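J.: To start, I am sharing the structure in question, which I have written as structure tokens.
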Amino acid sequence: MSPLIVALDFAQAEPALALAKQLGCERCRIKIGKELFTRCGPALVEQLVKEGFEIFLDLKYHDIPNTVAQACLAAADLGVWMINVHALGGRDMLLAAREALEKRSHRPLLVAVTILTSLQRFDLYAIGLHGLLEENVLRLARLSNACGLDGIVCSPHEIVLIRQAVDNNFKLVTPGIRPLNSSNDDQKRVMTPAEALKLGANYLVVGRPVTAAPEPLQALLEIEASLSKNNNQ
Ligand code: C5P
């Protein structure tokens, strides 16, 4: 299976299902975020799982430990492949999430968001997080690793910094991926899929370069080809 996860950022089930079908569950995994989930609910997730897709349910849980643990179990019941929480929920919340999932024979991967990439240093200062942004990201990556999570979501520009600070099998999931010659949209610091993989990313989240392409399947195949070309070099 390729490392590509396509972000299905749609407001309705029909176009999301149609696109997923066109791409095929053997070719990529699918990310479902807050908008599509809030509009279409668990039924859409279950349908995609039934059709064979491995789903990253990107709901970024952040609440008291018991509530997050129960939400993680509810997500696991949907049969998804990966879920996430905010590392800022703290050690007890991270441990509660991990421990709840451990009781399952078939559990989703559990990854954490460190610092949202939309935040800058002065935003962190305003919420009481001092120090450089990178220091905050690194501290939360280490905490997530120490709490036994499977990985984190991070910017491709943070891969090198984090890789040397965490276990080898700790997964790095990176959005902000743009193939050469494609629009950056609203992403500020992007990287090509091949570069991100080479630096040590495990999974690449790609949205609009595929979903907004005139030929989404073709766009996905081209990204895949750029990866194998890079691997063969
Ligand atoms: O269309 P694009 O490739 O920019 O989509 C990236 C996806 O990854 C979106 O679903 C976005 O919400 C998500 N994401 C991100 N940056 C983060 C975390 C998640 O772009 N730091």
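J.: What dipole magnitude, in Debye to the nearest 20, does the chain give about its Cα centre under +1 on Lys/Arg Cβ and -1 on Asp/Glu Cβ?
T.: Numbers: 24 positive and 25 negative charges, 62 e Å.
The dipole of the chain has a size of about 300 debye.
J.: Report, ordered by chain and residue number, the aspartates and glutamates lying within cross-link reach of LYS21, taken as a straight Cα distance under 12 Å and ignoring same-chain residues fewer than 8 apart.
T.: GLU51
J.: Once you list every other residue whose beta carbon is under 11 Å from the beta carbon of ALA87, what net charge do they have if Lys and Arg are +1 and Asp and Glu are -1?
T.: On the way: positive: LYS60, ARG91, ARG139, ARG142; negative: none.
Taking every Cβ under 11 Å from that of ALA87, the sum is +4.
J.: What are the ³J(HN,Hα) values, in whole Hz, obtained from phi via the Karplus relation 6.51 cos²θ - 1.76 cosθ + 1.60 with θ = phi - 60°, for each residue of segment 143-153 in sequence order, with x given for Gly and Pro?
T.: With the stated coefficients, segment 143-153 comes to 4, 4, 5, 5, 7, x, 6, 7, x, 9, 9 Hz.
J.: Treating the Cα atoms of segment 4-232 as identical point scatterers in vacuum, please give the log10 of the normalised Debye intensity I(q)/I(0) at q = 0.13, 0.14 Å⁻¹, two decimals.
T.: Log10 I(q)/I(0), no solvent term: -0.78, -0.91.
J.: Hey, another quick one. What ranking, highest mean first, results for peptides 24-31, 77-84, 212-219 when packing means the other Cβ atoms within 10 Å averaged over each residue? Spell out each step's value before the answer.
T.: Details: 24-31: 18.0, 77-84: 20.2, 212-219: 13.6.
The packing order, highest mean first, is 77-84, 24-31, 212-219.
J.: Percentage of Cα-Cα pair distances in segment 1-138 greater than 27 Å, rounded to whole percent? Kindly include the intermediate steps, with their values, before the conclusion.
T.: On the way: 2629 of 9453 pairs.
The calculated P(r) of segment 1-138 puts 28 percent of pairs beyond 27 Å.
J.: Could you give the length gained by full extension between GLN70 and SER118, i.e. 0.36 nm per residue of separation minus their alpha carbon distance, to one decimal place? Don't skip to the answer; put the middle values down first.
T.: Working: separation 48, 0.36 × 48 = 17.28 nm, distance 2.79 nm.
So the chain would gain 14.5 nm between GLN70 and SER118.
J.: Which ³J(HN,Hα) values in Hz, rounded to whole numbers, follow from the phi angles of segment 12-29 under the Karplus curve 6.51 cos²θ - 1.76 cosθ + 1.60, where θ = phi - 60° and Gly and Pro get x?
T.: 9, 5, 4, x, 5, 5, 4, 5, 4, 4, 4, 6, x, 6, 7, 9, 7, 9
J.: Which whole-number percent is the relative contact order of the chain (Cα, under 8 Å, 6+ apart)? Mind showing how you got there, number by number?
T.: Values: 400 pairs, mean separation 39.9, N = 233.
That works out to 17 percent.
J.: With a 10 Å radius around each residue's Cβ, average the other Cβ atoms per peptide and rank 106-116, 127-137, highest first.
T.: Numbers: 106-116: 20.5, 127-137: 13.4.
In descending order of packing, they fall as 106-116, 127-137.
J.: Over 10 Å intervals from 0, what percent of Cα-Cα pairs in segment 98-177 sits in each interval?
T.: Spelled out bin by bin, segment 98-177 gives 18, 47, 28, 7, 0 percent.
J.: At 222 nm, what value in deg cm²/dmol follows for the chain if DSSP H runs of at least 4 each add -39500 (n - 2.57) and the sum is divided by all its residues, to the nearest 500? Mind showing how you got there, number by number?
T.: Numbers: 10 runs with 106 residues, N = 233.
So the calculated ellipticity at 222 nm is -13500 deg cm²/dmol.
J.: Once you place label points 7 Å from the Cα toward the Cβ at PHE37 and ASN169, how far apart are they in nm?
T.: Taking the simple label geometry, PHE37 and ASN169 are separated by 2.6 nm.
Laboratory data are not the source of any read-out in this text; all were calculated from the coordinates shown. Note that the structure is a prediction, hence the values are computed from the model and not measured. As a convention, Cβ positions derive from the backbone with ideal geometry for all residues, glycine included, and neighbour counts pool all protein chains shown.
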